[in-house]
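Below: one structure, written as structure tokens.
The values are calculated or read from the model by the stated rules, or taken from the named source; none is laboratory data. Predicted model, so just to flag it, every value in this text is computed and none were measured. All Cβ positions, even for glycine, are placed from backbone atoms using ideal geometry, and neighbour counts span all protein chains on display. Surface areas here come from the heavy atoms of the whole protein model, side chains and all, with no ligands, DNA or RNA. Shrake-Rupley method; radii C 1.70, N 1.55, O 1.52, S 1.80 Å.
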Amino acid sequence: ALPTVPVLMLSARDDVMDRVIGLESGADDYVTKPFHPREIVTRVKALLRRIRKLTESNEAKATIQIGPIRVDPKAYKAFVNDTEASLTTTEFSLLLTLIENPNKAHSRQDLLDKVWGADFYGSERTVDSHIRNLRRKLDEVSPGCDPVESIRGVGYRYKG
């Protein structure tokens with residue numbers, strides 16, 4: 001994902017509709033000529049402050065915990081009751097996809113598209129074997145821990 005980049009439009013066009021179109025096109029702020037350089041500096045600082053707060057807020061939410069499972073997407077680590085589970089990148093991606101949408105049923109095809117990519121060529125049963133490995137590894141860390149629910153004829157969901 002691309003980082004959020006603030007957009008400040010500088011324009012000689014000062015009609016109300018020009019400003020509306022500029023802001024509706026995605027600009028965060030719109031300044032018309034003539035302008036004072038100090039005003040531009042102040043507006044840029046305000047935009048950067050807003051983006052920094054948004055970024056810090058998103059980083060604070062980076063770790064997801066539901067029930068005994070905690071997932072840190074930036075570090076590619078998963079924990080069960082604060083003990084790290086040794087997962088492959090595919091198993092981690094499966095767990096992350098499921099935990100990001102708790103209680104949502106994911107079809108095998110949906111999981112294939114999200115984890116392996118839309119251009120994956122292979123059987124939907126690939127998901128089953130990776131889910132089986134994921135469950136085994138979570139159970140090794142904390143016996144009885146099985147947050148992944150099978151939904152017959154549909155696929156899987158994180159039951160948290």
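In the range 1-24, the residue that is modelled with the highest pLDDT out of those that are outside any loop (DSSP other than H, G, I, E, B) and open to solvent by less than 60 Å² (accessible area, probe 1.4 Å) is SER11.
Could you list, in sequence order, the residues of the range 123-160 that are surrounded by 14 or more Cβ atoms within 10 Å (Cβ to Cβ) and of a type in the set (A, V, I, L, M, F, W, C)? VAL127, ILE131, LEU134, LEU138, VAL141, CYS145, VAL148, listed by residue number.
Count of the range 134-155 residues, restricted to those that are outside any loop (DSSP other than H, G, I, E, B) and of a type in the set (Gly, Ala, Ser), is 2. Out of the range 72-99, which residues are among the charged types (D, E, K, R), modelled with pLDDT of 90 or more and on the phi < 0 side of the Ramachandran plot? Scanning the range 72-99 gives ASP72, LYS77, GLU84, GLU91.
Only residues in the range 97-115 that are closer than 17 Å to HIS130 by Cβ count as the first member; pair them with residues that are in a strand (DSSP E or B) and polar (S, T, N, Q), Cβ under 9 angstrom, at least 6 apart or cross-chain, and list the lot. Cβ pairs passing all conditions: ILE99/GLN65. Residues that are surrounded by 15 or more Cβ atoms within 10 Å (Cβ to Cβ) and either within 15 Å of GLY144 (Cα to Cα) or in contact with an Asp or Glu (Cβ under 6 Å, 6 or more places away or on another chain) (or both) within the range 78-91 comprise PHE79, VAL80, ALA85, listed in sequence order. Would you be able to say whether some residue in the range 77-88 is among the aliphatic types (A, V, I, L, M), more than 30 Å from LYS159 (Cβ to Cβ) and under 23 Å from the mean Cα position of the chain (by Cα)? Scanning the range 77-88 turns up no residue that is among the aliphatic types (A, V, I, L, M), more than 30 Å from LYS159 (Cβ to Cβ) and under 23 Å from the mean Cα position of the chain (by Cα). The residues in the range 26-41 that are more than 9 Å from VAL7 (Cα to Cα) and surrounded by 11 or more Cβ atoms within 10 Å (Cβ to Cβ) can be counted, and the count is 4.
Those residues that are β-branched (Val, Ile, Thr), part of a loop (DSSP other than H, G, I, E, B) and in contact (Cβ under 8 Å) with a residue 40 or more places away in the chain, I need them from the range 60-93; list them, please. The answer is THR88, and nothing else. The set of residues from the range 94-130 being under 17 Å from GLN65 (Cβ atoms) and not in a helix (DSSP H, G or I) comprises ASN101, PRO102, ASN103.
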